[in-house]
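The values are calculated or read from the model by the stated rules, or taken from the named source; none is laboratory data. As the structure is a prediction and not an experimental result, all values here were calculated from the model. Methodologically, a virtual Cβ is constructed for each residue, glycine included, from the backbone with ideal geometry; neighbour enumeration extends over all protein chains shown. Keep in mind that these areas ignore ligands, DNA and RNA; they rest on the heavy atoms of the full protein, side chains included. Shrake-Rupley method; radii C 1.70, N 1.55, O 1.52, S 1.80 Å.
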Amino acid sequence: MNADPLPSDAHVMPTYGRLPVALSHGQGCWVWDTTGRRLLDGLAGIAVNTLGHNHPRLVPALQEQIGKLIHTSNYYHSPLQSRLASKLCEISGLENVFFCNSGLEANEAALKIARKFGHDRGNTAPEILVFEGAFHGRSIATLSATANPKIQAGFGPLVPGFVRVPLNDVAAVEAAIAAHPNITAIFLETIQGEGGINPARVQFLQALRRVCDEHDLLLMLDEVQCGIGRTGKWFAHQWAGIKPDVMPLAKGLGSGVPIGAVVCGPRAAGVLKAGNHGTTFGGNPLAMRAGIETLTIMEEDGLLANAEAVGATLRGALSDGLAGEAGLVEIRGQGLMLGIELDRPAGVLLTQCLDAGLLISVTADRVVRLLPPLILTHDEAREIAARLVPLIKALLGQPKP
Ligand SMILES: *Cc1c(COP(=O)(O)O)cnc(C)c1O
């Protein structure tokens with residue numbers, strides 16, 4: 001069937017069980033494989049390709065930037081860093097930004113800020129409150145903050161100093177803070193991604209903001225996956241009308257160019273001083289230009305409103321299509337960050353969707369996850385549902401394993 005066989009991965013470290021497809025190029029919300037087959041991109045490289053593929057304004061801007069400067073060093077001033085930092089502060093209402101290259105690096109910086117915040121107050125063994133279902137990355141510190149035992153297995157000893165409680169349980173948070181006076185920060189994803197699209201409820205976020213103010217703690221919201229317009233606001237916590245003290249960002253910020261950022265409000269902005277943290281690549285001109293162009297195009301093309309409106313179409317088409325299915329547990333999420341929880345493992349859908357010309361993800365074993373580009377049209381949203389719904393129905397029509 002494959003005219004063009006899959007490339008040999010003999011010399012690629014096998015950290016991923018890959019699907020049997022090799023992609024060659026893309027346009028908008030569509031990608032083509034090396035055999036010429038066209039697939040609808042319901043995943044955007046895991047919430048990364050905000051503007052889809054081969055965007056007509058992003059690509060020339062990046063080409064121009066490559067011809068000017070790709071990399072300099074943080075030894076020098078950078079006009080592009082200043083511009084992107086100002087823009088991120090404008091849309092978040094926060095105060096300053098540290099740039100890095102990925103989600104785990106942004107979280108690593110947040111964890112350093114939380115510890116230093118404690119040390120600055122005479123707390124030499126600071127602890128950080130984290131949550132069940134959390135995913136924060138795969139470095140030693142961020143996998144220690146992550147909840148999934150599969151991600152931690154084989155990499156102990158874990159970094160100490162994390163206390164874990166259930167999500168959306170204010171009483172558990174208050175009890176943990178009472179029992180652990182060294183806690184300096186509360187750290188969570190505003191909407192858990194890898195954990196199965198589990199939103200922190202609005203009232204819970206508001207309660208955490210209150211608790212942090214009362215106890216002089218930092219509220220650190222990992223918006224690496226749910227931020228940058230995906231839910232229909234710039235940042236998912238803005239639906240709760242609160243502001244975090246520390247907000248790690250990455251995935252969608254560069255529309256495919258690697259970038260990370262940690263954005264800080266007034267209580268955290270002064271914690272790291274010259275010499276406390278650094279990065280070689282972070283804040284490089286190519287990544288900064290990608291961030292600036294992404295945010296500018298999102299604004300000019302109304303992509304926040306699009307994420308909300310097209311997200312509603314997608315969600316509507318999914319819930320109509322799956323209405324009455326006993327094996328459907330719940331459709332969750334916001335805007336173009338949606339999870340469909342089934343009553344059984346959903347991994348078989350990955351190759352079935354591939355055969356139907358659709359890229360998706362399955363996370364937390366039973367949750368089909370959709371994170372399409374924010375340029376998705378209403379027709380493309382209906383097309384995702386048209387390809388996905390029959391496969392889910394067929395799976396749910398089989399005897400439950
Ligand atoms: C993807 C993700 C990370 C890790 O980002 P990397 O760029 O893969 O290091 C951290 N937190 C959340 C919420 C994520 O979704």
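Details
- Those residues of region 343-379 which are in contact with a Lys or Arg (Cβ under 9 Å, 6 or more places away or on another chain), assigned to a loop (DSSP other than H, G, I, E, B) and more than 26 Å from residue 147 (Cβ to Cβ), in sequence order: 356, 357, 374
- Any hit, region 169-187, residues being part of a strand (DSSP E or B), more than 16 Å from the ligand (Cβ to nearest atom), farther than 26 Å from residue 342 by Cβ and modelled with pLDDT of 95 or more: yes
- Residue in region 200-214 that is within 13 Å of the ligand (Cβ to nearest atom) and more than 17 Å from residue 137 (Cα to Cα) present: yes
- Out of 187, 235, one residue alone is touching a strand residue (DSSP E or B) at 6+ places or on another chain (Cβ under 6 Å), open to solvent by less than 10 Å² (accessible area, probe 1.4 Å) and in contact (Cβ under 8 Å) with a residue 40 or more places away in the chain. It is 187.
- When the test is whether a residue is in a helix (DSSP H, G or I) and either aliphatic (A, V, I, L, M) or in contact with a Cys (Cβ under 6 Å, 6 or more places away or on another chain) (or both), residue 272 does not pass it.
- Residue list for region 120-168, filter: more than 19 Å from residue 363 (Cα to Cα), among the hydrophobic types (A, V, I, L, M, F, W, C) and more than 14 Å from the ligand (Cβ to nearest atom): 125, 128, 129, 155, 158, 159, 162, 163, 165
- Take the conditions (1) in contact (Cβ under 8 Å) with a residue 60 or more places away in the chain; (2) assigned to a loop (DSSP other than H, G, I, E, B); (3) open to solvent by less than 10 Å² (accessible area, probe 1.4 Å); residue 385 misses just one of them, which is (2).
- You will find that of 265, 256, 229, 270, the residue that is away from the ligand (no atom under 13 Å from the Cβ) and open to solvent by 10 Å² or more (accessible area, probe 1.4 Å) is 270 and no other.
- Qualifying positions in region 309-330 - among the β-branched types (Val, Ile, Thr) and crowded, with 18+ Cβ neighbours inside 10 Å: 310, 313
- Listed conditions (1) touching a Leu at 6+ places or on another chain (Cβ under 8 Å); (2) part of a helix (DSSP H, G or I); (3) more than 23 Å from residue 193 (Cα to Cα); (4) not polar (S, T, N, Q) are all met by residue 326, apart from (2).
- Taken across region 83-98, residues that are more than 17 Å from residue 268 (Cα to Cα), buried (at least 21 other Cβ atoms within 10 Å of the Cβ) and assigned by TED's automatic domain parsing to the domain that holds residue 251 do occur, with at least one present.
- Condition met for residue 53 (open to solvent by 30 Å² or more (accessible area, probe 1.4 Å) and within 15 Å of residue 297 (Cβ to Cβ)): yes
- Selection of region 340-378 for residues being without any contact (Cβ under 8 Å) to a residue 40 or more places away in the chain, among the hydrophobic types (A, V, I, L, M, F, W, C) and open to solvent by 10 Å² or more (accessible area, probe 1.4 Å) yields 356, 362.
- Of the helices (runs of 4 or more DSSP H) contained entirely in region 1-113, those carrying at least 2 residues that are away from the ligand (no atom under 16 Å from the Cβ) and free of Cβ contacts under 8 Å to residues at least 12 places away in the same chain fall at 58-68, 79-92.
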